[in-house]
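The numbers here are math on the coordinates, done by the rules we state, and not lab data. Because the structure is predicted, anything quoted here is derived from the model rather than measured. Backbone-built Cβ (ideal geometry, glycine too); neighbour counts: all protein chains shown.
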Amino acid sequence: MSKLEEMQAKIEALEAANKLLKDKAEASAKARFRCQVSEKKAVSFYGLGRFPVTLYREQWISLGQQMATILAFCEEQEKAGKLQTEAEKVAAKAASKAAAAAKKAEAPTV
């Protein structure tokens, strides 16, 4: 097998692996949010945070009917600068960890 053929075979293998990774990432993004019926026959919604949001059917319906009110409230609070974005939350957490690490590094050891 010549060098050119080897390189072409390697490129094809890499492209196939890349396609598999892309497909897996897309499937993962679609599966990020999911619903499941709990043992108590409530609906648990997964994907918003560490823990699921679990409500009974009637509560989900009521929440859905109030979506316009909730979105308007969030928009109002965002304009007032009262809401924290996900990026701000991550940055604050990283800064807090860095400060704790710096404080720990400064502390005298006994």
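Some points to look at:
Let's see how each residue does on (1) more than 29 Å from Lys89 (Cα to Cα); (2) in contact with a helix residue (DSSP H, G or I) (Cβ under 8 Å, 6 or more places away or on another chain); (3) not aromatic (Phe, Trp, Tyr):
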position	(1), (2), (3)
Arg32	no, no, yes
Gln36	no, no, yes
Tyr46	no, no, no
Phe51	no, no, no
Leu55	no, yes, yes
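- Residues of segment 3-58 classified as over 15 Å from the mean Cα position of the chain (by Cα), assigned to a helix (DSSP H, G or I) and of a type in the set (A, V, I, L, M, F, W, C), total: 10
- Residue in segment 72-84 that is in a helix (DSSP H, G or I), without any contact (Cβ under 8 Å) to a residue 24 or more places away in the chain and either loosely packed, with under 10 Cβ neighbours inside 10 Å or in contact with a helix residue (DSSP H, G or I) (Cβ under 6 Å, 6 or more places away or on another chain) (or both) present: yes
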